[in-house]
1. Please work out if Ser350 is crowded, with 19+ Cβ neighbours inside 10 Å and either under 22 Å from Lys82 (Cβ atoms) or not charged (D, E, K, R) (or both).
2. Quick check: anything in the stretch 369-380 within 14 Å of the ligand (Cβ to nearest atom) and aromatic (Phe, Trp, Tyr)?
3. Which residues, counting only those in the stretch 216-249, are of a type in the set (D, E, K, R) and within 17 Å of Glu29 (Cβ to Cβ)?
4. Could you please find all residues in the stretch 1-28 being in contact (Cβ under 8 Å) with a residue 24 or more places away in the chain and more than 27 Å from Arg189 (Cβ to Cβ)?
5. Could you list all residues from the stretch 317-340 that are within 14 Å of the ligand (Cβ to nearest atom), among the aliphatic types (A, V, I, L, M) and buried (at least 19 other Cβ atoms within 10 Å of the Cβ)?
6. With the requirement that a residue be of a type in the set (D, E, K, R) and either closer than 20 Å to Tyr172 by Cβ or modelled with pLDDT under 95 (or both), what does the stretch 297-319 give you?
7. Restricting attention to the stretch 285-297, does a residue exist that is buried (at least 18 other Cβ atoms within 10 Å of the Cβ), closer than 30 Å to Asp103 by Cα and within 14 Å of the ligand (Cβ to nearest atom)?
Amino acid sequence: MLDRHVAGSVPAKHHIVFRDESGKLYHEEAHTRMGFDGPYTLLYHVNEPHRHSEWRPWTGGWERPVAEAPETSQPLRRRHFKSFDMPRSGAPVSARTPVMFNDDVIVSIVRPTAPDPVYLSNLDGDELFYIHHGSGIMRSTLGDIRYERRDYVFVPRGIKYRWIPDEGVEQYWIAFECLQDFFLPKQWRTSTGQIRMDAPFCHRDFVRPEFRGPLDEGIRSFVVKRDHVFTEYVQPWSPLDVVGWDGSVYPWKFPILAFQPRAGLTHLPPDWHGNFAFPGGLICSFVPRVVDFHPDAIPCPYPHEAVNCDEFLFYAEGNFVSRRGISPGSISFHPRGIMHGPHPGAYEASIGHRRTDELAVMMDTMKPLRIARQTLSFEDAEYHASWMP
Ligand SMILES: [Fe+2]
């Protein structure tokens, strides 16, 4: 969560009388995290936010990730999935293909072709999206975020929102559903929570939602997702009937190219590219940059085994010189237990390079990742053998 933000009209203090011009009372909604102990946002509604006229099971949500069978995952190997072959279909709330997951995070590919017909309130996770292709609006009770290619869009759990992709524009996103919590890496914050001046990003890089006051799109339903069960609630009014809010829980976007990369005398480990974190994981942004400046530096990553981590890597743009058979949209999975590194020849060939134009999103997790059965038909079965002579 970021610093406190205020939008629209709010009363002078929490929990006091707040009326419209006709004298009608507004209704406060306290949206809190970690019980009542964590970050929070207070919203002011025209109508009672906790009233509904109908509720029922809803079957339009995306599929729960299902782990591949143990015999499919063995023997242990490096793996490659071609996400660009994954299907395009429907609204974002139904168009996710789960890729890999554990108890802390679920990673999916989203390739929607239509706007969401309902607002979603995802109580299972804080959601970070990386927009590989696409543009449009993420609309929430707290305002709109206009998104473009190369943006990250963050939606905290429980915020009601829907996607309105621009018509005729290809949409191709990664979704990280962080099941425990989500934060900026703690080493980049001061004791008051301010982003440090030596962090690889600053407060100004985060774009807050644009708030326009109460909005009625004619949609009366919001869908709550809890333990991957979707329940529809119907209200007699628009769930976006908010006149103002303040707090530190709100959606934002962060353009990946706002990340300020580091270069060292010799190769720096991925921690230096850490952009976002969750308990048990780190999400890194690899952006175009100059590389190591020691005269004998080897800019290519050294063969490595981070023995506590599984690694997910999405190759977004650029020429991935260290890996053969990899192209934009490739997802590699390097599990702990097998050392990985450049393909034969790439290590030596990188000597003398001064720049890289790679754009990639990486995630390291402390708990083993399981591959979703839904993604197996997009696997490149030859990948593991590609390190052999
Ligand atoms: Fe790695």
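The values are calculated or read from the model by the stated rules, or taken from the named source; none is laboratory data. In this text the structure is predicted, and so the values were computed from the model without any measurement. Heads up, the Cβs are rebuilt from the backbone with ideal geometry, glycines too, and the neighbour counts pull from every protein chain shown.
1. Taking the combined requirement at face value, the residue satisfies it.
2. From the stretch 369-380, those within 14 Å of the ligand (Cβ to nearest atom) are 369; that's our starting set.
Of the ones still in play, those that are also aromatic (Phe, Trp, Tyr) are none.
Within the stretch 369-380 (the criterion being within 14 Å of the ligand (Cβ to nearest atom) and aromatic (Phe, Trp, Tyr)), the answer is no, since none of the residues qualifies.
3. Kept after step one, since they are of a type in the set (D, E, K, R), are these residues of the stretch 216-249: 216-217, 220, 225-227, 232, 241, 246.
Answer for the stretch 216-249, where residues must be of a type in the set (D, E, K, R) and within 17 Å of Glu29 (Cβ to Cβ): Asp241, Asp246.
4. Narrowing the stretch 1-28 to residues in contact (Cβ under 8 Å) with a residue 24 or more places away in the chain: 1-11, 14, 18, 20, 26.
Within the stretch 1-28, Gly8, Ser9, Pro11, Phe18, Asp20, Tyr26 qualify.
5. Result: Ile326, Ile331.
6. Across the stretch 297-319, the qualifying residues are Glu305, Glu317.
7. yes
The rows are residues; the columns are (1) assigned to a strand (DSSP E or B); (2) over 30 Å from His294 (Cα atoms); (3) in contact (Cβ under 8 Å) with a residue 60 or more places away in the chain.
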{"site": "Ile351", "(1), (2), (3)": "no, no, no"}
{"site": "Ala360", "(1), (2), (3)": "yes, no, yes"}
{"site": "Met363", "(1), (2), (3)": "yes, no, yes"}
{"site": "Pro389", "(1), (2), (3)": "no, yes, no"}
